[in-house]
Amino acid sequence: VSAMGESSMDPTISASDSTAQQDSLFSMMDVFLISLITGLFTYWFFFRKKKEEVPDLPKMQTVAAPVRDSSFIEKMKKTGRNIVVFYGSQTGTAEEFANRLSKDAHRYGLRGMAADPEEYDLSDLSRLSEIDKSLAVFCMATYGEGDPTDNAQDFYDWLQEADADLSGLRFAVFGLGNKTYEHFNAMGKYVDKRLEELGAQRIFELGLGDDDGNLEEDFITWREQFWPAVCEHFGVEATGEESSIRQYELVVHTDVNMNKVYTGEMGRLKSYENQKPPFDAKNPFLAQVTENRKLNEGGERHLMHLELDISNSKIRYESGDHVAVYPANDSSLVNQIGEILGTDLDTVMSLNNLDEESNKKHPFPCPTSYRTALTYYLDITNPPRTNVLYELAQYASDAGEQERLRKMASSAAEGKALYLSWVVEARRNILAILQDMPSLRPPIDHLCELLPRLQARYYSIASSSKVHPNSIHICAVTVEYETKTGRLNKGVATNWLKNKVPDQNGSSSLVPMYVRKSQFRLPFKPSTPVIMIGPGTGIAPFIGFIQERAWLKEQGKEVGETVLYYGCRHEHEDYLYREELARFQKEGVLTQLNVAFSRDQAEKVYVQHLLKKNKENVWKLVNEGMAHIYVCGDARNMARDVQNTFYEIVSEFGNMSQPQAVDYVKKLMTKGRYSLDVWS
């Protein structure tokens, strides 16, 4: 309800009532003014002498505020570091790369530290030259549509506004991106360009990692040229120390109070038993699954619709936002790792950072059991990165297996090719590697130190908060495939969600979650037409959008044309939300429903083919109706094909050349009239 709507006068008040109201209003106004003047005079008379005490107030407030060690310069000086590696990380990979670079430094007689930009004041970069042989490295991931990651947002804002003189700063940037996205590595490119504009000296070229290709190889290739450049710049050389250095030490707790042991919480101990808002990545809400139904009528895949109850959580969301869920690994995988390493998984332990000055005291919440760590905190299903193989090699008793692991972790072309085929393309996870290398039996604590953190998974919300304020809907497809080695690999989150049973007490129906805001928003004016393109589970946010437009229509608002382009494989197999869409169309909310069934005929038909078929109508909506365009789903093929189709339509009906048409569509993006919510 708008503020204007709330304050407008009820039209049923008669004229005489209105006059009486005015009279009483005047008399009340007189009383109010006299009281106010009297009050102000009294306050001035009694309290004017206290004026000199006012400056003391800020001092009192600062005592209560938490003291944050926000100067990374002071920390570096105190701990004898000269290289700081900042990371902008959403899923943990950039943080992992930053840790690897900071560990590398000791080989060259230098000392590094990885740092989260969110924890420090980055205006201190101008002081880094106070430290001898100092260097700042930035491992920056790009998130969404060219956006900074959550933890780098403040740094990005500072860079945009800063007029600092960074002439004494030496830097290098490695960007983590994905070529299937429109704004490939936008954050890495921006940081690299902006630091130079502020006077900083680039000592090695910008590295651009592509997660659509082989991000690990891109990083290794950049890193093997980066260090020689550092050596040359500072006149240092490798010390030849290649030894594996442990970052954490193991402490086994034999006599421990189980109330002090983490059982899967992300931040505060016992936060799942004693839930307190606000809920976010470090403090997720445990939502009850109230519905979990299969959406498709046939086929090999399992497509599902889940509803999460967020009553009493104070969680607010908008159509187009993302819900993040923290999954758990399959217990059979966890048990097999325990068996193969001959470990009692219920041993309670802590891994404590050997660097006491580090902000990161443990690699995951401690104390905890190995079982909890492998179930809730560690990624055991993705192929391990080369640094993990390198560190594990020392534990292979067979010389051939040891050499093979070291080779895969090397920068030699043959080693890279072996890693690509044997690990990446074969999709070998840590369990598969242990199974296929019988002599490799590392201590479980070192394995837990090396494995990356299990990350939250993001889903486009498939509901509108106007219609479902206390519930968040998810539409997902379970991931399951056979690898080249004949193993069946299952997606962690989708298979875990599939097994969430509504109306059961206990953890079998609870999902730790939080909401992440997005830029994917319906137009401000309901009368603006929308063209939504979302095949497969890409339909998710559009179910929310259509629900919201239906609600707006019920409120008596004028709602513009609502056009959907949806696609699936077979009409009678995986047509998601068929009944709901038919109902919305019947009610007149969904003004056009265009569905492509890709495999129901000899030649494949996709959403872009239907866009071409209706090109005149599409152009009219965009050009005359000022429609907003939304694309959701697969980034690699669909989003690109749809974009190329828009270039063709704009070129044909707008009488433009190809470059002009491209420019026209890019301008729509800049104005927020062409939005993407895509994944690869």
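Structure notes:
- In the stretch 576-585, the residues that are among the hydrophobic types (A, V, I, L, M, F, W, C) and within 33 Å of the chain's Cα centre (by Cα): Leu576, Leu581, Phe584
- Of all residues in the stretch 586-602, exactly one satisfies the criterion of being more than 34 Å from the chain's Cα centre (by Cα) and surrounded by 14 or more Cβ atoms within 10 Å (Cβ to Cβ), namely Asp600.
- Residues within the stretch 485-517 that are without any contact (Cβ under 8 Å) to a residue 12 or more places away in the chain, out of contact with any Asp or Glu (no Cβ under 9 Å at 6 or more places or on another chain) and either assigned to a loop (DSSP other than H, G, I, E, B) or not polar (S, T, N, Q) (or both), tallied: 5
- Unmet requirement for Leu345, which otherwise passes all of (1) open to solvent by 20 Å² or more (accessible area, probe 1.4 Å); (2) without any contact (Cβ under 8 Å) to a residue 40 or more places away in the chain; (3) in contact with a Ser or Thr (Cβ under 8 Å, 6 or more places away or on another chain): (1)
- Among the residues examined, Gly188 does not qualify as in contact with a Leu (Cβ under 6 Å, 6 or more places away or on another chain) and touching a residue at least 24 places away in the same chain (Cβ under 8 Å).
- Subset of the stretch 88-124 [over 19 Å from Phe234 (Cα atoms) and aliphatic (A, V, I, L, M)]: Ala94, Ala98, Ala114, Ala115, Leu122
So that you can scan it fast, the table gives a plain yes or no per residue for (1) under 30 Å from Ser598 (Cβ atoms); (2) open to solvent by less than 70 Å² (accessible area, probe 1.4 Å); (3) modelled with pLDDT under 95:
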{"site": "Gly264", "(1), (2), (3)": "no, yes, no"}
{"site": "Gly267", "(1), (2), (3)": "no, yes, yes"}
{"site": "Ser271", "(1), (2), (3)": "no, yes, no"}
{"site": "Gln275", "(1), (2), (3)": "no, yes, no"}
{"site": "Ala287", "(1), (2), (3)": "no, yes, no"}
{"site": "Asn292", "(1), (2), (3)": "yes, yes, no"}
{"site": "Arg316", "(1), (2), (3)": "no, no, no"}
{"site": "His322", "(1), (2), (3)": "yes, yes, no"}
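Yes/no per residue for (1) surrounded by 19 or more Cβ atoms within 10 Å (Cβ to Cβ); (2) of a type outside the set (Asp, Glu); (3) more than 29 Å from Asn214 (Cα to Cα):
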{"site": "Arg640", "(1), (2), (3)": "no, yes, no"}
{"site": "Glu648", "(1), (2), (3)": "no, no, yes"}
{"site": "Phe653", "(1), (2), (3)": "no, yes, yes"}
{"site": "Gln658", "(1), (2), (3)": "no, yes, yes"}
{"site": "Thr670", "(1), (2), (3)": "no, yes, yes"}
{"site": "Leu676", "(1), (2), (3)": "yes, yes, no"}
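- In the stretch 111-228, counting only strands (runs of 3 or more DSSP E) that sit wholly within it, the ones holding 2 or more residues that are open to solvent by less than 40 Å² (accessible area, probe 1.4 Å) and of a type in the set (A, V, I, L, M, F, W, C) span 112-115, 135-143, 170-177.
- Residue count, the stretch 339-354 (criterion: in contact with a His (Cβ under 6 Å, 6 or more places away or on another chain) and either charged (D, E, K, R) or within 13 Å of Thr254 (Cα to Cα) (or both)): 1
- In the stretch 587-617, the residues that are within 19 Å of Asn637 (Cβ to Cβ), of a type in the set (S, T, N, Q) and touching a Leu at 6+ places or on another chain (Cβ under 8 Å): Asn594
- The listed residues are Lys553, Lys525, and the only one of them that is open to solvent by 60 Å² or more (accessible area, probe 1.4 Å), within 30 Å of Trp619 (Cβ to Cβ), in a helix (DSSP H, G or I) and not β-branched (Val, Ile, Thr) turns out to be Lys553.
- Matching residues in the stretch 640-673 - criterion: being within 17 Å of Thr180 (Cα to Cα) and among the hydroxyl-bearing types (Ser, Thr, Tyr): Thr645
- Scanning the stretch 329-352 for residues that are within 29 Å of the chain's Cα centre (by Cα), under 23 Å from Ile245 (Cα atoms) and either modelled with pLDDT under 95 or among the aliphatic types (A, V, I, L, M) (or both) yields a single hit, Leu351.
- Members of the stretch 474-510 that are among the hydrophobic types (A, V, I, L, M, F, W, C) and more than 28 Å from Gly633 (Cβ to Cβ): Val501, Leu510
The values are calculated or read from the model by the stated rules, or taken from the named source; none is laboratory data. Remember, it's a predicted structure, so these values are computed and weren't measured experimentally. Using ideal geometry, Cβ is built from the backbone for each residue, glycine included, and neighbour counts are taken over all protein chains shown. The accessibility values were calculated without ligands, DNA or RNA, using every heavy atom of the protein model including side chains. Shrake-Rupley method; radii C 1.70, N 1.55, O 1.52, S 1.80 Å.
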